[in-house]
Each structure stands twice: as C-alpha cells, then as structure tokens.
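A short worksheet on the structure shown next.
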C-alpha cells in the first residue's frame, strides 16, 4: 500500500510494475538486467481518489495519462531495480499530492481611476497624431 496523505492510500492492486531494460551507460549490466521500472497506476478506476482530484491529476500528468485513464511513469535513473521502483512510487505520490491542492480562485481586479484616465489620454493623443495625417489639399 502506498500512503499519500493520512486519508488517501493507494492499494497494491491499483499499481502494476513492469521491469524493462534501461538505456544508457552501464556496460554488460545494462544488456543483461532489467533495472528500469514502468509503473502503471489505474487512476480513473481508483476508488480512493475523488473526482475533482482525478481531473486535476489528468492535467498534471499530461502525456503520461493514457486513453484508458492510467498514469504510466518510467524510471531508469539508477542501476538498482529497487531504487528505481522507490523513485517511481515517490513520483506518483508527489503527483497525486499536487493534484490534491485546490487551485486558488482568481478574483478579477478593477482598473483604477488613474489608469482609466491615462488610457483615455493616450487614446486622445494617438487620435490627434492620426488626424494630422490627413490628405494635403492643393489650396493650402
């Protein structure tokens, strides 16, 4: 079981881990041992996450969110399979914690009286400049 907060826990059946061969340096070890981990969390089917958290999680996950509603994380940072597994679980927990935070509602502000006046003065000045661009008549 993966503990996110005091109230939210992710059960083991919701997470599947698959070990794959990592890319990059590592000598013969990289060709023989599957140290990279691919963690898959069935977020859409999870009974432990409320609906608004799931929608925020979908936005945060981005390309890691699949059509089936799962989050797929790949980690191949270390040569240790156990450490990569730990890192993947930590990243998933951090992603869910971010999704738990409700975004603050933006309160629209009104423009000040001074800013309104400055805007109108600038518009008048610009209009005067443009009005001076009129065609020149032959009589003067």
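Round to a whole angstrom and tell me the spacing of the C-alpha centers of the stretch 1-60 and the stretch 82-140.
37
Label residue 82 and residue 16 with points 7 Å out from Cα along Cα→Cβ: what is the distance between them in nm?
Once both label points are built, they end up 2.6 nm from each other.
Describe numerically, in nm with one decimal, the distance between label points set 7 Å from Cα along Cα→Cβ at residue 31 and at residue 119.
Placing both labels 7 Å beyond Cα along the Cβ direction yields 6.8 nm.
Where Rh is the Kirkwood radius over the Cα pairs of the chain, the temperature 10 °C and the viscosity 1.306 mPa s, what D in µm²/s does Stokes-Einstein return?
The diffusion coefficient I find is 80 µm²/s.
If packing is taken as the mean number of other Cβ atoms within 10 Å per residue, what is the order of 31-38, 77-84, highest first?
Most protected by this proxy first, the peptides run 31-38, 77-84.
Computed from the coordinates by the stated procedures, all read-outs in this text should not be read as laboratory data. Fair warning: this is a prediction, and the values are worked out from it, not measured in the lab. Heads up, the Cβs are rebuilt from the backbone with ideal geometry, glycines too, and the neighbour counts pull from every protein chain shown.
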